[in-house]
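Enquirer: Dropping the structure in here first, questions after.
Computed from the coordinates by the stated procedures, all read-outs in this text should not be read as laboratory data. Quick caveat, the model's predicted, so the values are computed rather than measured. Because the Cβ atoms are built from the backbone with ideal geometry, glycine has one as well, and the counts that use them run over all protein chains shown.
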Amino acid sequence: MNRGVSKDRDLRDRLLATDLLRELKASYTYKELSKILGLQESLLCRYVNGTTVPSEQQARDLIEKIKQKNFITKFFLNKIKTFPDSFIDTSELLHYPNMLRLLLEDYLSKYSEVNKVVGIANNGIPFATLVSVTLNRPLIVVKKHRDSVYLEYLEESLRESDSIVSNLYVRKSFISKSDKILIVDDVMKTGKTIISTTKLIRKGNGLVKGAFVMVTVGKAPVSLEDVEVEAVFRL
């Protein structure tokens, strides 16, 4: 590896480790972090306060410990809130952007051939944005309204319940037959929104390579319209 590239990577790791510790400090005491990470409280305090930066090896060790699936998954599960009216609140996950990106990187490695990310408004957009940045792919937003009468849209109906039918829209020029698309949303309960979004994309001759959601509920399907659904958390 080029020496300059290696030094850049080492610096990124050292800064990332510091940012991860700062995010964790919002949820844990130094005593708790010391037990979790196996480092002295005084050293962790210096890292978090910025008076000391972890060495290259220490940074890599910290990142590996934090990204262990049993730890990072439990950390985020505790941030998901459910309410008696069936509302599932994932907004607190976004308070930890570096932690969240670290979690998502392993899940997203299978989508290297995707060339566009489609996010579903409104609550799915922050997560779709993070996925788009992580994959370094363009982001397209599917909405429940048209932005302008002067623009051309693809349209698909969405039956939200027996009495409520809405429409999904995406700019016609944003989807083409060369597109390999990953759909991203925050929560999936019945899969109706994913199904309608898949149909919408296919109207523009785009190819849906998968659907990625943060949370699924109960016996939510793992495949819809021949599209595999990947979920980070299942409640």
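Enquirer: Around residue 118, which amide H atoms from residues at least 5 apart in sequence, or from another chain, sit under 5 Å from its own amide H, with H modelled in the peptide plane?
Expert: Counting only residues 5 or more places away or on other chains, the set is 140, 182, 183, 184.
Enquirer: Against the longest alpha carbon principal axis of the chain, how many degrees, from 0 to 90 and to the nearest 10, is the axis of helix 56-66 turned?
Expert: 50 degrees
Enquirer: Taking 8 Å as the Cα distance limit and 6 or more residues as the minimum spacing, I'd like the relative contact order of the range 3-66 as a percentage.
Expert: Contact order relative to length: 45 percent.
Enquirer: Neighbour counts of other C-beta atoms within 10 Å: give me 10, 85 arranged from fewest to most.
Expert: So the residues, fewest neighbours to most, are 85, 10.
Enquirer: With angles folded into 0 to 90 degrees, how steeply does helix 125-135 sit against the dominant principal axis of the chain? Use alpha carbons for both and round to 10.
Expert: Computed tilt is about 70 degrees.
Enquirer: Filter the cross-link list 143/189; 65/180; 189/209; 35/81; 79/110 down to pairs whose alpha-carbon distance in this structure exceeds 28 Å.
Expert: 65/180
Enquirer: Quick one: net charge of residue 142's neighbours, Cβ under 14 Å, K/R +1, D/E -1?
Expert: Once all neighbours under 14 Å are counted, the net charge is +4.
Enquirer: Taking the Cα atoms of the range 3-66, report the difference between the largest and smallest coordinate on each principal axis, in whole Å and largest first.
Expert: 37, 22, 17
Enquirer: Expected output is a single nm value to one decimal: the length gained when fully extending between residue 45 and residue 73, i.e. 0.36 nm times separation in residues minus the C-alpha distance. What is it?
Expert: Gain on extension, residue 45 to residue 73, equals 7.6 nm.
Enquirer: Helix 192-203 versus the longest principal axis of the chain: what is the Cα-based angle in degrees, 0 to 90, to the nearest 10?
Expert: 70 degrees
Enquirer: What does the charge dipole of the range 1-160 about its Cα centre add up to, to the nearest 20 debye, if the Cβ of each Lys and Arg holds +1 and the Cβ of each Asp and Glu holds -1?
Expert: Here the size comes out at about 440 debye.
Enquirer: Any chance you could list the semi-axes, whole Å, largest first, of the equivalent ellipsoid that the Cα gyration tensor gives for the chain, using √(5λ)?
Expert: For the chain, the semi-axes come out at 38, 21, 14 Å.
Enquirer: Now for a different question. Would you work out the charge dipole size for the range 3-66 about its Cα centre, treating the Cβ of every Lys and Arg as +1 and the Cβ of every Asp and Glu as -1, and quote it to the nearest 20 debye?
Expert: It works out to roughly 80 debye.
Enquirer: Using the per-residue mean of other Cβ atoms lying within 10 Å as a proxy for protection, in what order, highest first, do the peptides 47-55, 182-190, 145-153, 97-105 fall?
Expert: Result, highest mean Cβ count within 10 Å first: 182-190, 97-105, 47-55, 145-153.
Enquirer: Enumerate the residues in the range 119-134 having an amide nitrogen under 13 Å from the point lying 7 Å beyond the Cα of residue 144 toward its Cβ.
Expert: Residues 120-124 qualify, since their backbone N sits under 13 Å from the label point.
Enquirer: Rounded to the nearest 500, what is the chain's calculated 222 nm mean residue ellipticity when only DSSP H runs of at least 4 contribute -39500 (n - 2.57) each, over all residues?
Expert: -12500 deg cm²/dmol
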